[in-house]
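*Asks:* Below you will find the structure I want to go over with you.
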Amino acid sequence: MNDACKQQIDEAVNIGADLLEQMHTDGVAHVIWMGFFYIGGLEKAVDYGSEAVVKACEAAKIHCEVADLRDLQIPRGWDGVHPTEEGYKMLAQRIWDVKLENEIPM
């Protein structure tokens, strides 16, 4: 992972943080921010991005929880990046679990 990679991650997380601010302004009460899952060779980038997401969530005015995916072994499709149907179900289950654990209303 180099400085250009960190800069790209920082920019993406900053966009997310701006969206949290806009959602707060718009009256949204709760957000679950889906983190990143490991892909071979990108572990340091995933850890860096995940830590940045947690910090952005903690700093937000809105109630924000992170769905950390790093402990999941997400099956991926033909491109090696995007999840298979089973993988998407695993992501959805993690988001649902975070919702329940934090008593986030629908």
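*Asks:* Amide H neighbours of MET34 under 5 Å, counting only residues 5+ apart in sequence or on other chains, H built in-plane at 1.01 Å?
*Replies:* Answer set, sorted by chain and number: ALA67.
*Asks:* Using modelled backbone amide H atoms (1.01 Å from N, in-plane), which distant-in-sequence or interchain residues come within less than 5 Å of THR84's amide H?
*Replies:* ARG76, GLY77
*Asks:* What number comes out for the charge environment of VAL98, summing +1 per Lys or Arg and -1 per Asp or Glu over other residues with Cβ under 11 Å away?
*Replies:* In short, -3.
*Asks:* Through the Karplus equation 6.51 cos²θ - 1.76 cosθ + 1.60, θ set to phi - 60°, convert the phi angles of the range 19-34 into ³J(HN,Hα) values in whole Hz; use x for Gly and Pro.
*Replies:* 5, 4, 4, 5, 4, 4, 4, 7, x, 5, 9, 9, 9, 10, 9, 6
*Asks:* Enumerate the calculated ³J(HN,Hα) couplings along the range 55-67 in order (Karplus 6.51 cos²θ - 1.76 cosθ + 1.60, θ = phi - 60°), each rounded to whole Hz, writing x wherever the residue is Gly or Pro.
*Replies:* Couplings: 4, 5, 5, 5, 7, 6, 6, 8, 5, 10, 10, 9, 8 Hz.
*Asks:* What part of the accessible area of the chain, given as a whole %, is carbon or sulfur when the probe is 1.4 angstrom?
*Replies:* Taking all protein chains in place, the chain shows 55 percent carbon and sulfur surface.
*Asks:* Sort 63-71, 26-34, 49-57 by the packing proxy (mean of other Cβ within 10 Å over each peptide's residues), most packed first.
*Replies:* Highest mean packing first, the order is 49-57, 63-71, 26-34.
*Asks:* A further question follows. Could you check the simple spin-label distance between ASP47 and GLU21, using points 7 Å along Cα→Cβ, in nm with one decimal?
*Replies:* Using points 7 Å along Cα→Cβ, the separation is 3.0 nm.
*Asks:* Quick one: compute the contact order of the chain, relative version, from alpha carbon pairs under 8 angstrom and 6+ residues apart, as a percent.
*Replies:* Computed over the chain, the figure is 28 percent.
*Asks:* Let me ask something else. What does the accessible area per residue of the range 12-106 come to in Å², with a 1.4 Å probe and no ligands, DNA or RNA counted?
*Replies:* Per-residue accessible area for the range 12-106 comes out at 64 Å².
The values are calculated or read from the model by the stated rules, or taken from the named source; none is laboratory data. Since the model is a prediction, treat every value here as computed from it, not as a measurement. All Cβ positions, glycine included, derive from the backbone under ideal geometry; neighbour counts span all protein chains shown. These accessible areas exclude ligands, DNA and RNA; they are computed on the full protein's heavy atoms, side chains included. Shrake-Rupley method; radii C 1.70, N 1.55, O 1.52, S 1.80 Å.
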